[in-house]
Amino acid sequence: MSESDPSVTIQGIPQLPEVQQHLVRPTDPVTGTVTVSRVCTKSKKAAGFVRHIEIDVSGTPLENAWVPGQSFGVVPPGQTDNGKSHKLRLYSIAAPTGGETGDGTIISTTLKRVVDEHWDDHTLFTGLCSNYLADLQVGDQVQLTGPAGKRFLLPADPAAHNYIFIATGTGIAPFRSMIGDLLKADMPARVDLIMGAPYESDLLYDEDFTELAKDYPNRFHYRTAISRHLTPTQTKKLYVQSRLQEDAPVLTEILKSDRTLIYICGIAGMELGIIQTLATILDPTSLSQYLSIDPEIGTDPAQWNRKMIPRKLKPTKRMFLEVY
Ligand code: A2P
């Protein structure tokens, strides 16, 4: 079926809200103050260094001025080798509407230190802004811009939908924010979160999501996918798409509904596996709610590749993708 097929009408297409953007521009950033910086992996012995950072933006145009799914910018101090100011980096907002304290003053993000090797000469590479932010102490000031983003948002009428959120790593940030809004409000939305991490110790906000699943047993379902925990019965990596496949008996019923929206955020490459799995667990009509497939690529998902996204495997407006 091609996207231009006029006979196909997809039900349940969400209207996105009009949102404010760029209230604070990079040429004139505002000053925020770090109020919290804590490890947010399940264990301090996790393979990655990931922190939850909260910043007070009271009295600035950023106060109470974002919605879940948007980002804010951080302008790192110092200059490049050519004497220019560093470019700003965008970080997904992890706080729900109203922020961490409900009054709109505290914004937050989920930050992973970038620590890597240069490919050519195998010398150490440390991400400039992520390490700057992760080093900040409570009370330190930071230059901010934003908010940014108008596509990866909750719909204008959030109660009209169910949600399947699929995250790996710090891709959890916008979902922490969205889940905060969805569960706070008294609405019939059902939320299933699939969270992927290399080891159990790397799960982010695990305690919070486990608590929420207990507090909202009918509305919030927390499903994890630990990739590197291999056992005699689990001999292949378990990715988020494997969790989708394993939990298909429950999830296909939800996916068939024209209320359901899928949001994917995290490591680039995960979207192909998820799309392939959706194509194996869903009948063609249900699949067409989320994906418009060019007939020329055939019906065998194993033959599809990432280059086909988005032209030949085109997400509909019921599937939101943010991978990096
Ligand atoms: P792995 O690295 O074991 O292959 P983090 O951001 O903390 O590194 O977590 C990213 C998670 O996403 C890891 O569990 C990683 O598994 C997993 N991952 C890597 N590639 C893919 C992919 N193509 N599809 C889904 N998950 C993936």
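The values are calculated or read from the model by the stated rules, or taken from the named source; none is laboratory data. Given the structure is predicted, the values throughout are model-derived calculations rather than measurements. Virtual Cβ from ideal backbone geometry, glycine too; neighbours counted across all protein chains shown.
See the values below:
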item	result
Condition check for Ser242: near the ligand (Cβ under 8 Å from one of its atoms), surrounded by fewer than 19 Cβ atoms within 10 Å (Cβ to Cβ), closer than 18 Å to Thr277 by Cβ and within 21 Å of the chain's Cα centre (by Cα)	no
Near pairs, Cβ below 9 angstrom, 6+ apart or cross-chain, from segment 43-68 (under 19 Å from Gly180 (Cα atoms)) to any residue that is assigned to a strand (DSSP E or B) and charged (D, E, K, R)	Arg51/Arg38; Arg51/Lys112; His52/Arg38; Ile53/Arg38; Glu54/Arg38
Qualifying strands (runs of 3 or more DSSP E) (wholly inside segment 133-214; at least 1 residues being at pLDDT 95 or above and among the aromatic types (Phe, Trp, Tyr))	162-168
Test set (1) in contact (Cβ under 8 Å) with a residue 40 or more places away in the chain; (2) in a loop (DSSP other than H, G, I, E, B) - Ser92 fails condition number	(2)
Residues that are more than 16 Å from the ligand (Cβ to nearest atom) and basic (Lys, Arg), drawn from segment 207-236	Lys214, Arg219
Check on Pro284, of a type outside the set (Gly, Ala, Ser), farther than 29 Å from Arg311 by Cβ and more than 10 Å from the ligand (Cβ to nearest atom)	no
Number of the condition not met by Pro198 [criteria: (1) within 16 Å of the ligand (Cβ to nearest atom); (2) buried (at least 18 other Cβ atoms within 10 Å of the Cβ)]	(2)
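Condition check ((1) farther than 24 Å from Ile309 by Cβ; (2) at pLDDT 95 or above; (3) within 13 Å of the ligand (Cβ to nearest atom); (4) in contact with a Leu (Cβ under 7 Å, 6 or more places away or on another chain)) across all residues:
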{"residue": "Leu238", "(1), (2), (3), (4)": "no, yes, yes, no"}
{"residue": "Pro249", "(1), (2), (3), (4)": "yes, yes, no, no"}
{"residue": "Leu255", "(1), (2), (3), (4)": "no, yes, no, yes"}
{"residue": "Tyr263", "(1), (2), (3), (4)": "no, yes, no, no"}
